[in-house]
Amino acid sequence: MLVKIISPEKGSRFQTGEMIEFKGTAEKSIVSIKLLAEDKWPLGEARVTDGKWAVSCKFNTSGERKVTAQGIDASGNQIVRSDLKIVLQDLRTFHLAAFDLPEPSDSIRSKTLILWATFYKVHRAQDIPDGYPLLDMAGNNLGPKLSKHDWCHAALQGTVQVLDANGKPRTFNFAGRSSEAQVDCSSLFRSLNLNEIQGTNRVCFAVSKGTFGEGTNGFLLVPFRSIAVDRTKIPIGSVIYISDARGQQITLPTGEVVKHDGYFFAADVGGAIKDN
């Protein structure tokens, strides 16, 4: 074969927005490679050097994609091609019950990590008439008022579901910090240092677009799927496969019991999350 795509493998899965490097080989008559999606959308070009080539590109929409490497000769003619199909997944729209992804192949595993787990939950609270209000960044009252315990735990977690008089939840998410403290949470979190306490005391909120809150870069948080990371070590949006989680039985918020497929994605950060 005059042109061959050797990486990634056929059927490999990637997330939308992820940089994907296509590598291949070409015989001497081929001087350059043009990479196309669905035979018409240009993805990039590369010169052939010592019989090898590489093109990096991103895909912004999910679904199966056909990728074609066209071999171009010295006269500018396309003389050969090689195809493969890959699958793009948008991790922002993972379905809660879709824990059925196959194990990753060795070719798409980039590196091995050792991780220490922390526990994150969406704090649930009841609106009370004489509580502390949830304020937005402009100082506007968003409506709910919480007890000191609930307000401080909401500020620490960054997300809170507030039940109205009918028991219907509304979700509020961390929006930033005000210049002045709103509540003194020091008596509730004695293990936190002064900077962490002061930051907690100044938290402001916004109505969340997702039931379980929002993470970084617009990612919606998904139970048992999204994780918070130190973004200097693990980029936001990274797919992380934890083999020990695969096959573990979990109960989703819907009450459905499923077995985890081992996949997580980096969707958030945390003030106390450092390194691994």
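Please treat every number below as a calculation from the coordinates, not as lab data. The structure displayed is predicted, hence computed values, not measured ones. Cβ sites come from the backbone with ideal geometry, for glycine too, and all protein chains shown count toward neighbours.
For the reader, a short list of remarks on this structure follows.
- Cross-link pairs exceeding 32 Å in C-alpha to C-alpha distance, out of 28/58; 148/259; 28/111; 52/85, comprise 148/259; 28/111.
- Relative contact order of the chain: 13 percent, from C-alpha pairs under 8 Å at least 6 residues apart in sequence.
- Considering only 15, 249, 157, the mean-square fluctuation computed in a Gaussian network model of the chain, springs between alpha carbons under 10 angstrom, is largest for 249.
- Top of 74, 266, 228 by mean-square fluctuation, Gaussian network on the chain, Cα under 10 Å: 74
- With an a/c value of 1.5 or above and a/b larger than b/c for the gyration tensor axes a ≥ b ≥ c computed over the alpha-carbon atoms, the chain is described as prolate.
- When the Gaussian network model of the chain links Cα atoms closer than 10 Å, the mean-square fluctuations of 208, 191, 56 top out at 191.
- Listing 146, 163, 84 from fewest to most neighbouring C-beta atoms within 10 Å gives 163, 84, 146.
- Sequence-distant aspartates and glutamates (8 or more away, or on other chains) whose Cα lies within less than 14 Å of residue 66: 9, 38, 39, 83
- Normalised alpha carbon radius of gyration of segment 3-89 [divisor 2.2 N^0.38 Å]: 1.03
- When the inverse distances between all different Cα atoms of segment 174-276 are averaged and flipped, the Kirkwood radius reads 15.8 angstrom.
- Taking segment 131-233 and dividing mean pair separation by its residue count, relative contact order in percent (alpha carbons under 8 Å, at least six apart): 26
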